[in-house]
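The block underneath contains the structure these notes are about, expressed in structure tokens.
Readers should treat all values here as calculations from the given coordinates under stated rules, not as data from a laboratory. It should be emphasised that the depicted structure is a prediction, and the values quoted were computed from it without experimental measurement. For neighbour counting, all protein chains shown are included, and Cβ atoms are generated from backbone atoms with ideal geometry for every residue, glycine included.
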Amino acid sequence: MSNGDLTIGFEQFDKNDPLRGAVLSLRAQGNLLYETSPGIARRYNCSTKGFWYRLEAPPLRPGAEEVIDIAAQQYPRVLHEWELIPGGYRSVTALVFREEQRQNTFRDGWLFVVRIRDKNCGQLAYFARAGRAGQVDLQTRVPELSSFPEKTVSVAGLGCIGAAAAVQFARAGLGNIRLLDPDIVDPGTTVRWPFGLSASGRAKVEVIARFLSLDYPFTKVDGRVNAIGRVDSPDVQNLPWLCDGSDLLFDATVESGVNHLLSELARERKIPYVYIAATNGGWGGMVICIRPERTAGCWMCAQHALEDGTITPPPESEPFIQPYGCADPTFTGANFDTDEIPLMGVRMATAALNPSYPSPDWDVAVLAMRAEDGHLVAPQWKTYRLDRHAECQNH
Ligand SMILES: [Zn+2]
């Protein structure tokens, strides 16, 4: 096949901005040669048709117009393929040729030339840089996360640390993520939340889901705007959806009753459970990762160990404050302090899910960002194995 047409998806067209988009499909003589994944296709709401040509050699000329001239020597019609657009014409030409992409490895290289001609015969031509965005291209950069595309993680609670963790999971190439949270984004909390005012007033689940679907289309997002609530409330109907078939429960809720419940549901299903929490002031935090068959203790064992000092609790500042217009006392702390905790939580979850990622020999990590008197210290993580506690009734 030496030439054909292609469809390019893009977000919007402004002739003053370079065309940015993705090849949605590629055809030759009416036969479909390539079609992008549905996750990439659905993020573009405009499309344009272009043409592709295979060249015998890489076009070694510096300018876009010159490269078109080289292509025209082999395919004269390159010069005449224009599409009518508001205010003029546009032409997108893709050139493909064999090139050495690694030592002794030859693959197809692509070059895209965009030409715009306005009604006064002014013409502009530029290269649109080609980048590879297939799932394999992304995964090559994170070989230790090779199991992620097949995994499902359920994230409960999308406060500042839960939302940041959800973004990290998708960025790392997780295949499926389930999100559960009842709240809308309060503009006052955007000092810590991953997104700012554009998110305020919308459900946290919807904001995160929309962002992940657009920017990480290989991660399938399933979200519910709901609380876990009390065991006797209708909200617990979401628990089978959250837990069944999931590979890991990631708990960023701040209610110990919910933490206990989710840890037990994970234990019943023999899947890892990860708990993350920040302490007030952004002074510290904690991650507990319970891996079936590796972690002897349970969530309740951890509570006993924190109580008797076997595990030193993280430092925290003075009690919560109550801002104007807020019914409840609120958490204080800076985003760059609290963000340390979801990073460790995702790291430990990753170790529990990916055999090719190193596995830690500890189950609990306690973070101190401040000394007892409030002095700033570099982030200090102290780690512990979680053993069975003599007073735990679960064993
Ligand atoms: Zn226990």
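For this structure, a couple of remarks:
- Cα shape, the range 138-384, gyration tensor, a/c 1.5 rule: rounded
- Comparing Cα centroids, the range 7-70 and the range 243-314 end up 48 angstrom apart.
- Under the Karplus curve 6.51 cos²θ - 1.76 cosθ + 1.60, θ = phi - 60°, whole-Hz ³J(HN,Hα) for the range 80-92, x wherever Gly or Pro sits: 10, 9, 10, 10, 6, 10, x, x, x, 9, 9, 9, 10
- Considering only the chain, percent of DSSP beta bridges that pair antiparallel, nearest 5: 75
- Mean Cβ count within 10 Å, highest first, over the residues of peptides 257-263, 136-142, 236-242: 257-263, 236-242, 136-142
- When the square roots of the Cα gyration tensor eigenvalues are ordered a ≥ b ≥ c, the ratio a/c for the range 94-210 is 1.5 or more and a/b does not exceed b/c, which makes its shape oblate.
- Listing M1, M344 from fewest to most neighbouring C-beta atoms within 10 Å gives M1, M344.
- Rounded to the nearest 10 degrees, the angle from helix 160-171 to the longest Cα principal axis of the chain is 40 degrees.
- The stretch between R171 and D373, if pulled fully straight at 0.36 nm per residue, gains 69.0 nm over its current Cα-Cα span.
- Phi angles across the range 278-291 convert, under the Karplus curve 6.51 cos²θ - 1.76 cosθ + 1.60 with θ = phi - 60°, into 3J(HN,Hα) values of 10, 9, 4, x, x, 7, x, x, 8, 10, 10, 10, 9, 9 Hz, Gly and Pro given as x.
- Computed helical MRE - 222 nm, the chain, DSSP H runs ≥ 4 contributing -39500 (n - 2.57), nearest 500: -6500 deg cm²/dmol
- In the chain, lysine pairs with alpha-carbon atoms under 17 angstrom apart (chain gap of 8 or more, or interchain): 5
- Charge dipole of the range 1-88 (Cα centre as origin; +1 on each Lys and Arg Cβ, -1 on each Asp and Glu Cβ, all else neutral): 280 debye, rounded to the nearest 20.
- Mean separation of Cα contacts under 8 Å (6+ apart) over length of the chain, as relative contact order %: 11
- Couplings for the range 209-219, taken from phi via the Karplus curve 6.51 cos²θ - 1.76 cosθ + 1.60 with θ = phi - 60°, read 4, 5, 4, 5, 5, 6, 9, 10, x, 7, 9 Hz in order; Gly and Pro are left as x.
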